Amino acid sequence: MSAMKVRDLMSYPIATVCPEATVLEAIRRMVGEKKGSVLVARDGLLKECMGIVTTSQIFQKVFARGLDPASVAVSEIMTVAPLISIDLDASTSDAAELMLRHNIRRLPVVAEGALVGIVTSKDLLACVR
């Protein structure tokens with residue numbers, strides 16, 4: 001059996017918000033789509049990924065500081081692009097290695113420079129059962 005590829009377990013479609021969106025809007029998108037992060041993209045153009053916002057960033061940079069999520073823009077708290085990403089045809093072990101090396105749990109997946117999905121540490125754990 002050949003090694004499992006990132007394309008076999010990535011999530012798609014990706015939850016996105018525009019950079020002007022509030023953190024509250026990002027939270028609502030995450031809850032609605034059952035995701036732990038949203039990618040920030042202008043006008044939904046995934047080729048122009050501007051960053052990522054995760055639940056842990058929201059806790060650390062908004063709630064822990066007592067800020068109102070309705071008055072903070074996602075662009076103020078996001079991890080700014082270029083994000084660490086992986087190719088669609090890379091192996092899942094390459095994805096796991098990259099996540100460990102950079103201490104991240106979400107890895108955008110690209111094909112020919114365009115964002116096509118996202119793979120998470122949870123996705124990787126599910127394939128070792």
**Prompt:** Which one of Lys61, Lys122 is of a type in the set (Lys, Arg) and under 13 Å from the mean Cα position of the chain (by Cα)?
**Reply:** Lys122
**Request:** Starting from segment 88-103, keep only residues that are under 14 Å from Met4 (Cβ atoms), then list their pairs with residues that are of a type in the set (D, E, K, R) and outside any helix (DSSP H, G or I) whose Cβ atoms are within a distance under 6 Å, requiring at least 6 positions of separation or different chains.
**Result:** Asp89/Lys5
**Asked** Of everything in segment 4-22 that's closer than 20 Å to Glu76 by Cβ and more than 15 Å from the chain's Cα centre (by Cα), which residue is surrounded by the fewest Cβ atoms within 10 Å (Cβ to Cβ)?
**Response** Glu20
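Answer yes or no as to whether Thr54 is polar (S, T, N, Q), within 20 Å of Lys5 (Cβ to Cβ) and surrounded by 17 or more Cβ atoms within 10 Å (Cβ to Cβ).
no
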**Item:** Pick from segment 23-38, criterion assigned to a loop (DSSP other than H, G, I, E, B) and among the charged types (D, E, K, R), ranking: surrounded by the fewest Cβ atoms within 10 Å (Cβ to Cβ)
**Value:** Lys34
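Residue by residue, here is whether (1) in contact with a strand residue (DSSP E or B) (Cβ under 6 Å, 6 or more places away or on another chain); (2) part of a strand (DSSP E or B); (3) under 26 Å from Leu124 (Cβ atoms); (4) small (Gly, Ala, Ser) holds:
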site: Arg7; (1), (2), (3), (4): no, no, yes, no
site: Pro19; (1), (2), (3), (4): yes, no, no, no
site: Val40; (1), (2), (3), (4): yes, yes, yes, no
site: Val53; (1), (2), (3), (4): yes, yes, yes, no
site: Asp68; (1), (2), (3), (4): no, no, no, no
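FYI, it's all coordinate maths here, none of it is from the lab. Keep in mind it's a predicted model, so treat the numbers as computed, not measured. Every residue, glycine among them, receives a Cβ derived from its backbone with ideal geometry; neighbour counts consider all protein chains shown.
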